[in-house]
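What follows draws every value from the coordinates through simple rules; no lab data is involved. Not measured: the values here are computed from a predicted model. Please note: Cβ atoms are built from the backbone with ideal geometry, for glycine as well, and neighbour counts cover all protein chains shown.
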């Protein structure tokens, strides 16, 4: 049952029609990587890669996560197909957790394709990119953390997508740049510390610093960020599972 | 088998179901009520999609809300016409069979069996988005029966079915009832329910108005005057012939000049007499109808009595 829940959801998430826009964006990252070499020819390949990764790939991770995670429950409620799932002899928590795991896998795959294509664009071949392993690890943890957060948001709020997008592009862009230590409250800052990239943007234009979240020095270490993201994920998924088991999910407009 | 005890359900300020107490036994039971009567709310309570605000709902002694044990014994065919549109009918039923806990092989075999039973075997490999309303209803029934549940709840299942399909569907429900299953069918169409079962639960504005044999309720209603409208080119002659009948209580000419409206007791006897006048006296009747012969009048009778 668990395997079926996971793989059937993954199959749906990786449907070509659903995957295509993300693949196009991954190629856009690759094209930007190639272009960056001409825009900033004095920067090292690692710096060029880092700039595009933080501007595009890691930002898209949050967007992808918002799109895929809201599909787990919110989309089923909006499409009114949730009724078929909730009247089956499957514990609700299991339904939620395995569909969430499938969405995390899909988001990671999309992010990984972006990182690999960007590496190919900047380095010529992904195998030449020493930063890629750390990035894949960071992308996986990011998919888990964003997914867990957006899952809870999608269960607790109507119009969850708007909230998720505000978080992804508002909170996650502004908080890492704020003074003090508030950047601890940003998943993006933790991903930066796990990815351990050079920070070329700190000496670059302000706009670039802002977009890549590097206006302030990030004092977080991978050792700190890793447990924080893991604990955050486990706690949020546990709360979501409890929430989904105890609250009603019925398309409201159908209520008589 | 299904027990509701003082079950009420509020949606904010709006009441969906109001203090309903009843037991539903094996066999075919119709849940009858107009749109907004609370039929879907009651089915959602029974299927554990929502919780009662007060009171209790029990299925074989267990609370159904988010209870997988209950869902092993329960099949639900919702009113909504929403599916995973990109799936074929076969994929949809098979997917839900897998979610019911069957292995891939079992799910495949059961899907074939169920699709044959609902008459969809030959169209099962088309995408659902290309299905007619009737085909969608059949696929919904197939998914509800796939795990052979003892209780099957169907919310307005006859919507969109053609007369032949309707007959086949009702026959299938009778077969399931004969197998000892508890079948609950909601409907807002009186004649539909009359052709299906005698056992009804009558809901009106969230309240359970009556339970039992529909024919008994009908008999009670027939004791009170029914309105009958007779359309004719010669209303004066019609009035002359019909007014002396002992079961005619009152008669009124329609302002349009081509119909009369009567109040009659014992409508069956009146219709018999009307037929005789048409045949024996050549009374020109183009149409007749009874505004009381519908669900609204049943409710009005029950509410006012």
- [ ] Rounded, prolate or oblate: pick one for the protein assembly as shown, where a ≥ b ≥ c are the square roots of the eigenvalues of its C-alpha gyration tensor, a/c under 1.5 means rounded, and failing that, prolate if a/b is larger than b/c, else oblate.
- [x] prolate
Task: Cα-based shape type of the stretch B:223-304, given that a ≥ b ≥ c are square roots of the gyration tensor eigenvalues and the cut on a/c is 1.5 - done: prolate
Task: Rounded FRET efficiency, nearest 0.05, which uses the C-beta distance separating residue A:128 from residue B:168 and R0 of 60 Å - done: 0.35
Task: Among B:19, B:280, B:258, residue whose mean-square fluctuation peaks in a GNM of chain B (springs only between Cα atoms under 10 Å) - done: B:280
Task: Among B:100, B:269, B:210: highest mean-square fluctuation, GNM of chain B, C-alpha pairs under 10 Å - done: B:269
Open item on the list: For peptide A:77-84, what's the mean number of Cβ atoms from other chains within 10 Å of each residue's Cβ?
Closed with: 6
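What is the stretch A:2-246 by shape, rounded, prolate or oblate, if you read a ≥ b ≥ c off the alpha carbon gyration tensor as root eigenvalues and call it rounded for a/c under 1.5, prolate for a/b larger than b/c, and oblate otherwise? Please report the intermediate quantities before stating the final value.
Details: a/c = 2.21, a/b = 1.63, b/c = 1.35.
In terms of gyration-tensor shape, prolate.
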Task: Helix A:16-39 vs. chain A, principal-axis angle (Cα, 0 to 90°, nearest 10) - done: 10
- [ ] Please give, to one decimal in nm, the separation of the simple spin-label points placed at residue A:78 and residue B:122, each 7 Å out from Cα toward the Cβ.
- [x] 3.9
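Taking 2.2 N^0.38 Å as the expected size of a compact globular protein, what ratio does the Cα radius of gyration of the stretch B:2-219 give against it, to two decimals?
Numbers: Rg = 17.0 Å, N = 218, 2.2 N^0.38 = 17.0 Å.
That works out to 1.00 for the stretch B:2-219.
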Open item on the list: How tilted is helix B:295-304 with respect to the longest principal axis of chain B? Cα atoms for both, answer in degrees (0 to 90, nearest 10).
Closed with: 80
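With both partners inside the protein assembly as shown, how many of the DSSP beta bridges are antiparallel, as a percent to the nearest 5? Don't jump to the answer; show the numbers that get you there.
Details: 35 of 53 bridges.
If we restrict to bridges inside the protein assembly as shown, about 65 percent are antiparallel.
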Open item on the list: Test of understanding: extend the Cα→C-beta vector of residue B:256 to 7 Å, then name every residue of the stretch B:231-248 with backbone N under 11 Å from that spot.
Closed with: B:231-232
Open item on the list: Taking the Cα centroid of the stretch A:52-106 and of the stretch B:187-256, what is the distance between the two, rounded to the nearest whole Å?
Closed with: 53
- [ ] Under a 10 Å cutoff between Cα atoms, tell me which one of B:61, B:33, B:160 has the largest fluctuation in the Gaussian network model of chain B.
- [x] B:61
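Order these by the 10 Å Cβ neighbour count, fewest first: A:85, B:279, A:5. Could the numbers behind the result be given before it?
Details: A:85 18, B:279 9, A:5 21.
Neighbour counts put them in this order, fewest first: B:279, A:85, A:5.
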- [ ] Measure nothing but the geometry: give the 0 to 90° angle between the long axis through the Cα atoms of B:104-117 and the longest principal axis through the Cα atoms of chain B, rounded to 10°.
- [x] 10
- [ ] Provide the descending list of Cα extents for the stretch A:1-92 along its principal axes, expressed in whole angstroms.
- [x] 61, 25, 20
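For every helix of n ≥ 4 consecutive DSSP H residues, a contribution of -39,500 (n - 2.57) applies; sum these over chain A, divide by its total residues, and give [θ] at 222 nm rounded to the nearest 500 deg cm²/dmol. It would help to have the intermediate numbers written out before the result.
On the way: 12 runs with 173 residues, N = 256.
After summing the helix terms and dividing by the residues of chain A, the value is -22000 deg cm²/dmol.
Order these by the 10 Å Cβ neighbour count, fewest first: A:64, B:47.
B:47, A:64
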Task: Relative contact order, percent, chain B [alpha-carbon distance under 8 Å, six or more residues apart] - done: 19
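When DSSP beta bridges are limited to those with both residues in chain B, what percentage is antiparallel, rounded to the nearest 5? Let's see the in-between values first.
Details: 35 of 53 bridges.
So the antiparallel bridges in chain B amount to around 65 percent.
Can you tell me how much longer the chain between residue B:215 and residue B:56 gets when fully stretched, taken as 0.36 nm per residue apart minus their C-alpha distance, in nm with one decimal? Before the final figure, lay out the partial values.
Numbers: separation 159, 0.36 × 159 = 57.24 nm, distance 2.97 nm.
My answer for the length gained is 54.3 nm.
I'd like the mean, over residues of B:96-104, of how many other protein chain beta carbons sit within 10 Å of each residue's own Cβ.
Numbers: counts 4, 1, 6, 11, 5, 5, 2, 2, 1.
Whole-number average of other-chain Cβ neighbours for B:96-104 is 4.
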Task: Bridge type composition, the stretch B:109-251 - antiparallel percent by DSSP, nearest 5 - done: 55
Task: Taking B:250, B:148, B:186 and counting other C-beta atoms within 10 Å, the order from fewest to most - done: B:250, B:148, B:186
- [ ] Extending each Cα 7 Å along its Cβ direction at residue A:19 and residue B:178, get the distance between those two points in nm, one decimal.
- [x] 5.0
- [ ] Measure out, as a whole number of angstrom, how far apart the alpha-carbon centroids of the stretch B:96-143 and the stretch A:164-197 sit.
- [x] 48
Open item on the list: Please compute, for peptide B:76-86, the average count of beta-carbon atoms on other protein chains lying within 10 Å of each residue's beta-carbon.
Closed with: 5
